[in-house]
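Report on the structure given below.
The values are calculated or read from the model by the stated rules, or taken from the named source; none is laboratory data. Note that the structure is a prediction, hence the values are computed from the model and not measured. FYI the Cβ positions are ideal-geometry reconstructions off the backbone, even for glycines, and counts take in every protein chain you see. These area figures cover heavy atoms from the full protein model, side chains too; ligands, DNA and RNA do not enter into them. Shrake-Rupley method; radii C 1.70, N 1.55, O 1.52, S 1.80 Å.
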Amino acid sequence: MLEKQNWFLVTKEILAQEEIDYDKIEAIDFSYALRYHVNYFKQKVNDYALPFLEIEEENKKKFLEHLAKDLFSISIKTFVSDLHKHKKKAPFAGSSPEERYYSYLTDRFGSISSIQQFFFEYPVLCRLLTERLEFHLDNYIQFIQGIEESIEEIIKVFR
């Protein structure tokens with residue numbers, strides 16, 4: 001049953017987050033559609049902090065960037081196809097190509113409900129993204145656990 005599958009449950013968690021304010025977004029491009037996935041990963045990474053090891057924000061940012069690039073590479077063809085599909089249906093608001101692109105992105109991915117609608121139309125992409133996010137999260141957790149299990153040996157080597 002779909003509702004009991006792990007990827008579906010995780011997707012529900014991802015899309016149950018609070019709305020992310022436009023003001024907090026640095027750039028609006030196709031990665032804008034993945035902001036809830038990246039934010040979910042960021043929250044989970046922060047849950048796996050070790051008391052004796054603080055991972056610098058710059059290094060956490062690298063994990064996030066790697067995840068975002070991976071999810072983006074999986075989804076870009078679908079995003080472009082969806083853009084052209086919607087472009088054929090009705091013109092986007094705006095007088096320049098940049099304004100029309102911005103209009104599409106904010107209309108299509110501007111709220112949780114619009115993102116839910118997108119993933120309802122592309123369920124295979126939804127599953128792929130969620131499973132890939134879980135893969136990255138599992139790798140991060142294994143990395144942290146490996147450090148935790150080897151901390152005494154690491155301290156001996158670097159003293």
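A few comments on the model shown:
- Hits in segment 35-53 - residues which are assigned to a helix (DSSP H, G or I), touching a helix residue (DSSP H, G or I) at 6+ places or on another chain (Cβ under 7 Å) and under 14 Å from TYR140 (Cα atoms): VAL38, TYR40, PHE41, LYS42, LYS44, VAL45
- Among residues of segment 54-78, those that are assigned to a helix (DSSP H, G or I), of a type in the set (Asp, Glu) and open to solvent by 60 Å² or more (accessible area, probe 1.4 Å), counted: 3
- Pairs linking a residue in segment 97-120 that is closer than 16 Å to TYR40 by Cβ to a residue that is assigned to a helix (DSSP H, G or I) and of a type outside the set (A, V, I, L, M), with Cβ atoms under 6 Å and 6 or more positions apart or on different chains, are PHE109/TYR32; ILE115/PHE109; PHE119/CYS126.
- Scanning segment 88-120 for residues that are aliphatic (A, V, I, L, M) and loosely packed, with under 12 Cβ neighbours inside 10 Å returns a single hit, ALA90.
- Failed criterion for SER81 (all others in (1) in contact (Cβ under 8 Å) with a residue 40 or more places away in the chain; (2) open to solvent by 60 Å² or more (accessible area, probe 1.4 Å); (3) more than 30 Å from GLU148 (Cβ to Cβ) hold): (1)
- Answer residue from segment 119-159, given it is within 16 Å of the chain's Cα centre (by Cα) and of a type in the set (S, T, N, Q) and is nearest to ILE76 (Cα to Cα) among those: THR130
- Top-ranked residue of segment 121-138 - restricted to ones that are of a type in the set (A, V, I, L, M) and open to solvent by less than 80 Å² (accessible area, probe 1.4 Å), ranked as farthest from LYS44 (Cα to Cα): LEU125
- Among (1) modelled with pLDDT of 90 or more; (2) more than 17 Å from the chain's Cα centre (by Cα) - the single one SER75 does not satisfy: (2)
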